[in-house]
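The values are calculated or read from the model by the stated rules, or taken from the named source; none is laboratory data. Source: prediction; values computed, not measured. We place every Cβ from the backbone using ideal geometry, glycine too, and count neighbours over all the protein chains shown. Surface areas here come from the heavy atoms of the whole protein model, side chains and all, with no ligands, DNA or RNA. Shrake-Rupley method; radii C 1.70, N 1.55, O 1.52, S 1.80 Å.
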Amino acid sequence: MDEATFKQAINALNLFDQLHLSKDRGALQDHYGAGLLPALLKVHPSRVNRHLFELALRGVSVADLAGPQIISIDRSKAFDPAALLGAGWTIWKGPADGDGLSGANDEDERSCALTEADLSKILFADALKGKEMFITGEERVKRLKKAGHVRLDAGIFQFLWENRNRIPKSWEEKINGNIRYIFFDGTILRDPLGNRYALHLYCGASQWGRVYDWLGNNRGASSPSVVLA
């Protein structure tokens with residue numbers, strides 16, 4: 001079963017559930033007669049998108065599973081690290097081994113050019129290889145650049161932080177029981193002491209928070225970066 005068919009199946013199952021609870025036997029029989037439920041029962045398990053199915057069983061809303069989730073990003077005003085994090089914070093300029101004070105902003109220009117983004121198409125990338133458990137943030141950024149991924153930037157981060165109701169419910173899912181720290185590596189920041197940082201979101205106790213993390217720290221599967229393929 002492909003993803004689109006799975007979404008239709010979830011909608012159909014929800015409809016049957018609502019009709020059953022309402023005790024509208026006539027409407028239930030009409031839908032059954034139309035062949036919807038028998039068609040669902042004939043689907044072979046090997047063709048089901050197991051990840052989406054598990055999310056549905058955990059109560060993730062159908063709206064969160066189905067269709068595009070378009071957000072609009074206002075690019076008329078440049079992202080200001082100092083306004084978000086405090087005096088002395090800037091966007092890193094120039095190469096990673098420089099002082100961060102001169103040269104082009106260390107940002108993914110493809111992400112910064114986006115005025116719209118479809119959250120349903122965003123991927124989580126940990127860039128781990130083989131049996132690796134962790135790599136540094138710097139190594140992660142290098143690998144994402146080499147893979148050609150569009151690394152989501154601070155403008156998209158700020159939109160989601162200011163509109164936390166638009167963050168997909170599925171992003172709250174833990175990884176192996178650990179809180180998921182979601183990095184936006186499309187904008188590299190410079191702290192007042194000259195260190196390189198990236199912003200990330202996390203959901204703890206059903207509430208979203210934001211932090212910044214030094215790129216020299218380790219990252220694992222529970223701290224992925226958000227990218228577009």
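LEU55 falls short of the stated requirement of being modelled with pLDDT under 95, within 21 Å of the chain's Cα centre (by Cα), open to solvent by less than 50 Å² (accessible area, probe 1.4 Å) and under 17 Å from VAL226 (Cα atoms). Among the residues making up the stretch 130-181, those that are within 17 Å of ASN217 (Cα to Cα) and among the acidic types (Asp, Glu) are GLU132, GLU138, GLU139.
Considering the conditions (1) open to solvent by 80 Å² or more (accessible area, probe 1.4 Å); (2) out of contact with any helix residue (DSSP H, G or I) (no Cβ under 7 Å at 6 or more places or on another chain); (3) not charged (D, E, K, R), PRO68 is excluded by exactly one of them, (2). Considering the stretch 180-191, and only residues there that are farther than 14 Å from PHE124 by Cα and in a strand (DSSP E or B), the residue that is most open to solvent (accessible area, probe 1.4 Å) turns out to be ARG190.
Among residues of the stretch 164-182 that are under 22 Å from ASP153 (Cβ atoms) and touching a residue at least 40 places away in the same chain (Cβ under 8 Å), those with a Cβ under 7 angstrom from a residue that is part of a helix (DSSP H, G or I) and among the charged types (D, E, K, R), sequence gap 6+ or separate chain, pair up as PRO168/ASP64; SER170/ASP64. Can you tell me which residue in the stretch 89-100 is farthest from ILE167 (Cα to Cα), limited to those that are open to solvent by 40 Å² or more (accessible area, probe 1.4 Å) and touching a residue at least 60 places away in the same chain (Cβ under 8 Å)? Checked the stretch 89-100; the qualifying residue farthest from ILE167 (Cα to Cα) is ASP99.
Applying the selection to the stretch 192-229, what residues are assigned to a loop (DSSP other than H, G, I, E, B) and open to solvent by 70 Å² or more (accessible area, probe 1.4 Å)?
Within the stretch 192-229, the first condition is being assigned to a loop (DSSP other than H, G, I, E, B), and the residues that meet it are 192-195, 205-206, 215-217, 220-224, 229.
If the condition is that a residue be assigned to a loop (DSSP other than H, G, I, E, B) and open to solvent by 70 Å² or more (accessible area, probe 1.4 Å), then PRO192, LEU193, ALA205, SER206, ALA229 are the ones that fit.
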